[in-house]
Amino acid sequence: MNVTRRALLKGGASAVAAGTVAGCLDDIDASSADLETGYAAFFTLWDWAEQVSGDVIEFENPVGTGQPGHGWSPGGDLTRDIADAGAFVYFDTPEFSWAQNIAATLETDYDAVTVIDGLEGLDDQLLGWDREAGGAGGHDGASHDDGHEHDDGHNHDGHDHDRSSIDPHVWLDPVLAQDIVDTIASGLADADPDNAETYEENAAAYADELAALDQRFEALVDAADRQTAVFAGHDSFTYLQERYGFELHTPTGVSPQEEPSQDAISATIDLVEEEGIETILYSPFEDRDGEYPPLVNTIIRDSSHEIDAMPITHLSGTLVTWQDEGWGYLEQMEEINVPAFREALDAQ
């Protein structure tokens, strides 16, 4: 993988509120947009856009290092920066409402910028919060991780979407990831036919690596002695569970802001005891100063047998140590998530 050009923005760039987005573009010349630069809405999309574009386009990720991408709220004039660039890759889902707002403005008022929805064509494969495919989720209406209210339906480019009840963590599924990478390549190829072959070849090579990652997860779960693991964090890994057929129990819900109830914590500890679970998982984005998150410490303290804890990443953001290693999506999956699931599922 090419990691030599990867350098995340040290500080998070940001976007203005939806009511003032359009005004930011009034003095921008449409001819200034090109396909030498682009933006992607969070870490994984940025990495995939870099992999597909190769040396043709330099993509930037506005989310600062150490920050998770979902639930992120920008501020400032990111809209102007994106409008000056040639491409914007995002997910059309309310969990990235700032990106939805910018994409809608670009599509309406600034059509020189190539806007690519990575979820395009996947609606019948997206899971609801209750794991039902096709969008029939059981999530609560219009209030989402970012704390803002959104309409349940939106219309971009004439397409009607209702993704308000969709679990957006689709990028964690290495199989569906191949479709998203192909969508990025197709969007760039349509906008830049001169380099279409480069985008298509890069996407095909990267898809092969994603297919190999899929096989690693298949082999891991096939070799597992248990089918249930415990994650002390918000429920981000539904697509992995559905793809590979294991259960990841968490005492919290889908929102990063949700605090687990005492009953939920007690039920989790009971599960750890009953299943003899020796390794629990946690999000390193909740790790502060090298200390486990409080929920991890509680489970370890109140369990009767010795328990280890290992990090797994939802890959909506990255950390400084991983950035310094040059780790993209594949490296983080292989170096962080695969070993952690191997331990948690006892697949030695």
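Could you please find all residues in segment 110-126 being in contact with a Ser or Thr (Cβ under 9 Å, 6 or more places away or on another chain) and assigned to a strand (DSSP E or B)? Spell out the reasoning first.
Here is the first cut: in segment 110-126, the ones in contact with a Ser or Thr (Cβ under 9 Å, 6 or more places away or on another chain) are 112, 116-122, 126.
Passing the criteria: Ile116, Asp117.
When you go through (1) in a loop (DSSP other than H, G, I, E, B); (2) crowded, with 19+ Cβ neighbours inside 10 Å one by one for Ala309, which number turns out not to apply?
(1)
Would you please name the residue that is modelled with the highest pLDDT, looking only at residues in segment 76-97 that are charged (D, E, K, R) and outside any helix (DSSP H, G or I)?
Here is the first cut: in segment 76-97, the residues charged (D, E, K, R) are 77, 80-81, 84, 92, 95.
Subsequent filtering for residues that are outside any helix (DSSP H, G or I) retains 77, 92.
Values: Asp77: 81, Asp92: 94.
Filtering segment 76-97 for residues that are charged (D, E, K, R) and outside any helix (DSSP H, G or I), the one modelled with the highest pLDDT comes out as Asp92.
Among the residues of segment 33-64, write down those that are out of contact with any strand residue (DSSP E or B) (no Cβ under 9 Å at 6 or more places or on another chain) and closer than 20 Å to Glu107 by Cα.
Across segment 33-64, the qualifying residue is only Asp34.
Among the candidates Thr183, Thr250, Thr198, Thr228, single out the residue that is of a type in the set (Val, Ile, Thr), in the same structural domain as Asp55 (by TED's automatic domain parsing) and over 19 Å from Tyr329 (Cβ atoms).
Numbers: Thr183 fails: over 19 Å from Tyr329 (Cβ atoms); Thr250 fails: in the same structural domain as Asp55 (by TED's automatic domain parsing); Thr228 fails: in the same structural domain as Asp55 (by TED's automatic domain parsing).
Being of a type in the set (Val, Ile, Thr), in the same structural domain as Asp55 (by TED's automatic domain parsing) and over 19 Å from Tyr329 (Cβ atoms) holds for just one of Thr183, Thr250, Thr198, Thr228, which is Thr198.
A quick yes/no check of all residues on (1) among the charged types (D, E, K, R); (2) under 26 Å from Ser236 (Cβ atoms); (3) surrounded by fewer than 24 Cβ atoms within 10 Å (Cβ to Cβ):
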| position | (1), (2), (3) |
| --- | --- |
| Gly76 | no, no, yes |
| Asp81 | yes, no, yes |
| Ala87 | no, no, no |
| Phe91 | no, yes, no |
| Ala99 | no, yes, no |
| Ala103 | no, yes, no |
| Thr108 | no, no, yes |
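Return only the number of the condition from (1) touching an Asp or Glu at 6+ places or on another chain (Cβ under 7 Å); (2) assigned to a loop (DSSP other than H, G, I, E, B) that Gln100 does not satisfy.
The number of the failed condition is (2).
Specify the residue that is surrounded by the most Cβ atoms within 10 Å (Cβ to Cβ); the eligible residues are those in segment 40-59 that are within 15 Å of Val113 (Cα to Cα) and not aliphatic (A, V, I, L, M).
Going through the qualifying residues, I end up with Phe59.
Which residues, taken from segment 319-330, are under 16 Å from Gly290 (Cα atoms) and either among the small types (Gly, Ala, Ser) or part of a loop (DSSP other than H, G, I, E, B) (or both)? Walk me through it before giving the result.
Here is the first cut: in segment 319-330, the residues under 16 Å from Gly290 (Cα atoms) are 319-322.
Leu319, the sole residue that qualifies.
Does segment 197-250 hold any residues that are surrounded by fewer than 20 Cβ atoms within 10 Å (Cβ to Cβ), in contact with a Ser or Thr (Cβ under 9 Å, 6 or more places away or on another chain) and more than 17 Å from Ala340 (Cβ to Cβ), and which are they?
Matches in segment 197-250: Thr198, Glu200.
Each row is one residue, and each column tells you yes or no for (1) closer than 22 Å to Asp214 by Cα; (2) at pLDDT below 95; (3) charged (D, E, K, R).
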site: Asp270; (1), (2), (3): no, no, yes
site: Ile277; (1), (2), (3): no, no, no
site: Ile280; (1), (2), (3): no, no, no
site: Pro284; (1), (2), (3): no, yes, no
site: Ile312; (1), (2), (3): yes, no, no
site: Leu330; (1), (2), (3): yes, no, no
site: Ile336; (1), (2), (3): yes, no, no
site: Ala340; (1), (2), (3): yes, no, no
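Counting only residues that are surrounded by 15 or more Cβ atoms within 10 Å (Cβ to Cβ), within 24 Å of Gln227 (Cβ to Cβ), touching a helix residue (DSSP H, G or I) at 6+ places or on another chain (Cβ under 9 Å) and of a type in the set (S, T, N, Q), how many does segment 258-306 have?
Residues meeting the conditions: 3.
How many of the residues in segment 292-323 are of a type in the set (A, V, I, L, M, F, W, C) and over 30 Å from Trp48 (Cα atoms)?
Residues of segment 292-323 that are of a type in the set (A, V, I, L, M, F, W, C), as a first pass: 295-296, 299-300, 307, 309-310, 312, 315, 319-320, 322.
In the following step, the residues that additionally are over 30 Å from Trp48 (Cα atoms) were identified as 295-296, 299-300, 307.
Matching residues across segment 292-323 total 5.
The values are calculated or read from the model by the stated rules, or taken from the named source; none is laboratory data. Model, not experiment: these values are computed from the prediction. Here the Cβ is made from the backbone with ideal geometry for all residues, glycine too, and neighbour counts use every protein chain on show.
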